[in-house]
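The values are calculated or read from the model by the stated rules, or taken from the named source; none is laboratory data. Quantities reported herein were computed from a predicted structural model and do not represent experimental measurements. Don't worry about glycine lacking a Cβ; one is built from the backbone with ideal geometry, like all the others, and counts go over all protein chains shown. When the accessible area is computed, the model is the full protein with side chains, heavy atoms only, and any ligands, DNA or RNA have been set aside. Shrake-Rupley method; radii C 1.70, N 1.55, O 1.52, S 1.80 Å.
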Amino acid sequence: MVEPDAHKFDTKSLHAGQRPDPSTGSRAVPIHQTTSYVFDSVDEAAALYNLEVGGHIYSRISNPTVAVLEERIAALEGGVGAVCTSSGMAAFHLAVATLLNTGDHIVSSQNLYGGSHNMMTFTMPRFGISTTFVDPHEPKSFLDAANENTKLFYAEVLGNPGIEVLDIEAIADAAHSIGVPLVVDATFATPYLIRPIEHGADVVIHSLTKFLGGHGIAIGGAVVDGGRFDWAASGKFPTLSEPYDGYHGIVFTDEFGPQALSMRARAEGLKDFGACMSPSNAFYLLQGIETLPLRMQKHVSNTHSVLDLLDKHDAVEWIRHPDHPSHPDHELAKRLYTKGSGAILSFGISGGREAGKKFIESVELASHLANVGDAKTLVIHPASTTHQQMSAEDLSTAGIGEDLVRISVGLEDPADICADLDRALKASQR
Amino acid sequence: MLINLADSYFSAANGGIDLKEMNENDPLVVLIHGAGMDRTVWFQQTRFLSHHGYRCFAVDLPAHGGTEGPPLETINEMADWISSVIERLGGPAHIVGHSMGSFIALATAANHPDSVLSATLIAVAEGMPVHPDLQTAADDNLPKGASFIAGWGHGPDQHLGGNPTPGLWMIGGATAVVENSKPGILSLDLSICSSYEETLQQAQSVKCPTTLILGSRDKMTPRRAAQPLIDALTNPTVVELEGVGHMSMTEAPKEVRQVLLDNFSNS
Ligand SMILES: Cc1ncc(COP(=O)(O)O)c(C=O)c1O
């Protein structure tokens, strides 16, 4: 059988979303550093405002540089569209605020980035949205926690802090069996390692701050619309399937079909909440995405070198990475992540909190900071930094032992990364 | 919205205007989608026309989009159905069809001349042979069927991007529309298209003004395949869009809107 006519992933990483500017010939994506756009006529302005035609009005709602990034991410994920936001947290908020109303409920994986966990535990309840956290390994736990107000299932495809691997298809099937979508955060994986929509996820959230941008220079987020969930048939999403007076009674599913979520998220969420991305940040993030395939290959191969080092090291008690046979989800990872399951790992250091602190103080090449997904290798010891106020007991409930060290493996020569880690591990034991 | 028709309903988009608030004196426009697609492929035209002096309805054919019911099995049955829709909405109408929908529009103009003010045929050809791999993928309800249509259906520009509606990935949108069609529908539609042989005969009996919108980079209904039809119609207007593929409503939305406005005001 012939193959469908489409550019391959690496080509899309460089080109999707952009045709060279016909008036100037600019090959790189221009930074459209402008707040607003001149209308051709009064009639055109009215049509733009009323969503009758596509185009730019004001950069809080859309911007040509940001739009290239949005199309590129949608193309890489296999979605129908994307909306970029000022941060990954803003993307998560935009998705929830577009789909849910006060009184609604989320069933979420418990193994999440702390910020997302916090938002669902403390912040969203102030707006009447509640969440039940469950073990992401069992579709049944999601279903058992669901009630008549449940509007979505949420999980990270590679979780926090143990890099739990989500069986996307199984959880998507569970969600669909009760007429709700599966929304996933795929920040740690990027579309190079997995494309969740192909596995049944309906909406993909990214913090572009991490591997997609890849250089630790710009904060950004994206909501990617898979376009496969039938919002109207579900009957649970009045924001998409019932008239909205904000645009003269528009019904987004009637008019935009599979793109209803993208259109509403922009026309309401970006317009009213205003967490838009700046054109310069979009430019930086686009530069990063151009080399996403090359970088992710190297991130993964360097990670495997680090795993080899840690595996043999006397100062290491345990290792958590799905590509390591000791990981509980190793078999699932082998099936879903044929190119490797990312570049974030954690390990247990002999000697607990004290040794962890010494290790961090002894690394010279790796940077001690609170981020992941930089081109440079990053390390953090949560028990002595981000979680220092917690008791040993509280830490273990959160899945963070006193001995846990997290590494985001960068793109340096693997020998240099390993030498640095080896030196610091030895120092930690003195 | 759902609109009652005889003892059932059909689904249509009309720019969100309450039926009771529509001006009966505004000309009626009916937009007809192609194989395995639905009303939403017209999102760049429907809402615009509805707010520019037309009663515009992008309809879902039976068993497509939001319209229930058994699918129709021939182009002529579909034309009869469109004619009943026009009657229900208060015709006659300007009708606009894309791909399989262009065959339906042609057949409606030929078989129901009193229902039709003008016919615009987008991505039309004398015949529509279907690539055997596409038919096989559709017969097996494989997502690949949608990828074939979206991949071949767009010109080279759209494989790069630059959607006029910010943030939408056009190829992804077309893929999703077709993938979301009901099982078996794409397969049936494609076989209806490939076996339809009445275009020239119908073209000869069409009395209303006709316009063809053809993309210079259309791989599914290539420009040259429309020539026999152009020759068979009486004084058709032919608009060729440079660089555009099979999906000019989304690929060149502004140009298509303008052609439609010109058409409607001239006929
Ligand atoms: C998995 C995950 N999701 C979301 C976020 C939030 O992203 P941002 O920092 O861009 O708001 C982070 C970042 O810290 C993250 O690691």
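Taking the alpha-carbon set of the stretch B:1-129, what are its Rg and Dmax in Å?
My reading of the Cα-based Rg and Dmax gives 13.2, 43 Å.
Over the Cα atoms, compute the radius of gyration (one decimal) and Dmax (the largest Cα-Cα distance, rounded to a whole number) for chain B, in Å.
Taking only Cα atoms of chain B, I get Rg and Dmax of 16.7, 47 Å.
Once phi is turned into θ = phi - 60°, what whole-Hz ³J(HN,Hα) does the Karplus curve with 6.51, -1.76 and 1.60 give for every residue of the stretch A:298-311, x standing for Gly and Pro?
Result, ordered by residue: 6, 4, 6, 5, 5, 4, 5, 5, 5, 4, 4, 4, 5, 4 Hz.
Among all lysine pairs in the stretch A:292-428 that are eight or more places apart or on different chains, how many have alpha carbons less than 17 angstrom apart?
5
To the nearest 10 degrees, how steep is helix A:168-177 against the longest Cα principal axis of chain A, on a 0 to 90 scale?
50
How are the Cα pair distances of the stretch A:292-428 distributed, in percent, across 10 Å bins from 0?
Per 10 Å bin, starting at 0, the Cα pair percentages come out as 13, 44, 35, 8, 0.
Within the stretch A:154-175, what residues put their amide N at less than 14 Å from the label point 7 Å along the Cα-to-Cβ vector of A:Thr121?
The answer is A:160-161.
Remind me, what semi-axes does the protein assembly as shown give for its equivalent ellipsoid, largest first in whole Å, using sqrt of 5 times each Cα gyration tensor eigenvalue?
51, 24, 23
Just to be sure I understand: with springs between alpha-carbon atoms less than 10 Å apart, which residue in A:Ala333, A:Ala415, A:Ala265 has the highest mean-square fluctuation in the Gaussian network model of chain A?
The residue that fluctuates most here is A:Ala415.
Return the carbon/sulfur percentage of the accessible area of the protein assembly as shown, one whole number, probe 1.4 Å, all protein chains in place. Working shown, then result.
Working: 13280 of 25940 Å².
On the protein assembly as shown, the fraction of accessible area on carbon and sulfur atoms equals 51 percent.
At a probe radius of 1.4 Å, figure out the A/B buried accessible area, summed over both chains, and give it in Å² to the nearest 100. Show your work: numbers first, answer last.
On the way: alone 18370 and 11400 Å², together 25940 Å².
Summing both sides, the interface buries roughly 3800 Å².
Which value results when the Cα radius of gyration for the stretch B:147-267 is divided by 2.2 N^0.38 Å?
In units of the globular-protein estimate, the stretch B:147-267 measures up at 1.16.
In the stretch A:249-285, which residues give up 50 Å² or more of accessible area once the other protein chains are added, compared with their chain alone (1.4 Å probe)?
A:Asp254, A:Glu255, A:Pro258, A:Gln259
Averaged over its residues, how many other protein chain Cβ atoms are within 10 Å of peptide A:47-57's Cβ atoms?
Going residue by residue through A:47-57 and averaging, the value is 5.
Sorted from largest down, what three extents in whole angstroms do the Cα atoms of the stretch B:1-65 have along their principal axes?
Answer, in whole Å and largest first: 31, 29, 16 Å.
Cα centroid distance between the stretch B:170-184 and the stretch A:347-418, in Å?
Result: 45 Å between the Cα centres.
Can you give me the C-alpha center-to-center distance between the stretch B:5-26 and the stretch A:241-276, rounded to a whole angstrom?
That distance is 21 Å.
Using only Cα atoms, find the angle between the long axis of helix A:414-428 and the longest principal axis of chain A, and express it within 0 to 90 degrees, rounded to the nearest 10.
It works out to around 50 degrees.
Could you run the Debye sum over the Cα atoms of the stretch A:162-294, one equal point scatterer each and no solvent, and tell me log10 of I(q)/I(0) at q = 0.11, 0.14, 0.17 Å⁻¹, two decimals?
Log-scaled intensity ratios, in q order: -0.47, -0.74, -1.01.
Keeping every protein chain present and rolling a 1.4 Å probe, give me the accessible area per residue for chain B in Å².
36
Give the calculated FRET efficiency between A:Arg335 and A:Ser301 to the nearest 0.05, with a Förster radius of 25 Å applied to their Cβ-Cβ distance.
Once the sixth-power term is evaluated, E becomes 0.80.
Using only Cα atoms and rounding to the nearest 10 degrees, what angle (0 to 90) does helix A:88-99 make with the longest principal axis of chain A?
40
At q = 0.12, 0.20, 0.21 Å⁻¹, what is the base-10 log of I(q)/I(0) for the stretch A:1-127 according to the Debye formula with one equal point scatterer per Cα and no solvent? Please give it to two decimals.
-0.70, -1.21, -1.25
Hey, can you grab everything whose amide H is under 5 Å from the amide H of A:Ala375? Only 5+ residues off in sequence or another chain; H modelled, so Pro and N-termini drop out.
Hits under the 5 Å cutoff: A:His215, A:Gly216.
Please enumerate, by chain and number, the lysines with C-alpha under 19 Å from the C-alpha of A:Lys151, excluding those fewer than 8 residues away in the same chain.
The reachable lysines, counting only those whose Cα sits under 19 Å from A:Lys151, are A:Lys140, A:Lys236.
Quick check: from the Cα gyration tensor, does the stretch A:83-216 come out rounded (a/c under 1.5), prolate or oblate?
It is oblate, given that a/c is not under 1.5 and a/b is not larger than b/c.
Give the Cα extents of the stretch A:12-288 along the principal axes, in whole Å, largest first.
57, 43, 31
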